[in-house]
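Structure first, commentary second.
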Amino acid sequence: MKLIVVLFVCLFETTLVHCGKRPSFVSDEMIATAVSVVNACQTQTGVATADIEAVRNDKWPETPELKCYMYCLWEQFGLIDDKGELNLNGMLTFFQRIPAYRAEVLKGISDCKLIGKYLAQGDKCQYAYEFNMCYAKISPRTYYLF
C-alpha cells in the first residue's frame, strides 16, 4: 500500500505552494521506499532529471522520456489495471485517512482519468502525461512527481 501511495503521491502535493515542495504527508520513509522504483524508471526511460524537476516547478516538458517515466512509475507501483488503465483504489483508500483532501483527490482522479485517456488516443505514455498535467492543475495542493 505504501508503494501505491508513494507513486500516486507523485501526483499529489499538499502545501499551498508550487509543485516543487514535497507534500507534508509524503514522509522520508515513503521517499526512501520509492528510490529504487524511481531509479529503475529513470534508467528504463532515459528521462532527464531536469525534466522531472521542471514538472515539480509547474513546467511540462513534452519529452517522450518524461511521459513514459510517468507511466513506468504507475506500472511499478501497481496502479495499472489489466486493461492498461490507471486504477486508483489504493490512492482513494489512502486519502480516506486524510479526509481534508478526499473530495479534492476524488474530483481530480475522476475528471483527469477520462480526459487523459481521451487525449492520449491509445498511447499509454501520453495517457500518464495528460493525466498528471490535468491533475496538477485541478489539485496542485496534492500533486507531486517523484
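None of the figures in this text is laboratory data; all of them are computed from the coordinates on show. Fair warning: this is a prediction, and the values are worked out from it, not measured in the lab. Note that we place each Cβ from the backbone using ideal geometry, even for glycine, and neighbour counts take in every protein chain shown.
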Sequence of GLU104, GLU130 once ranked by neighbouring C-beta atoms within 10 Å, starting from the fewest: GLU104, GLU130
ILE80 long-range amide H proximity, modeled H, under 5 Å: ASN87
HN-Hα J in Hz across the stretch 131-144 - Karplus 6.51, -1.76, 1.60, θ = phi - 60°, x for Gly and Pro: 4, 4, 5, 4, 4, 4, 6, 6, 9, x, 5, 10, 9, 7
Cα gyration tensor shape for the stretch 28-139, rounded if a/c is under 1.5, else prolate or oblate: rounded
Point-charge dipole on Cβ atoms (K/R +1, D/E -1) for the stretch 42-82, about Cα centre, debye to 20: 160 debye
Value of relative contact order over the stretch 28-139, rounded to a whole percent, pairs C-alpha under 8 Å and six or more apart: 23 percent
Per-residue Cβ neighbour rank within 10 angstrom, fewest leading, ILE138, ILE109: ILE138, ILE109
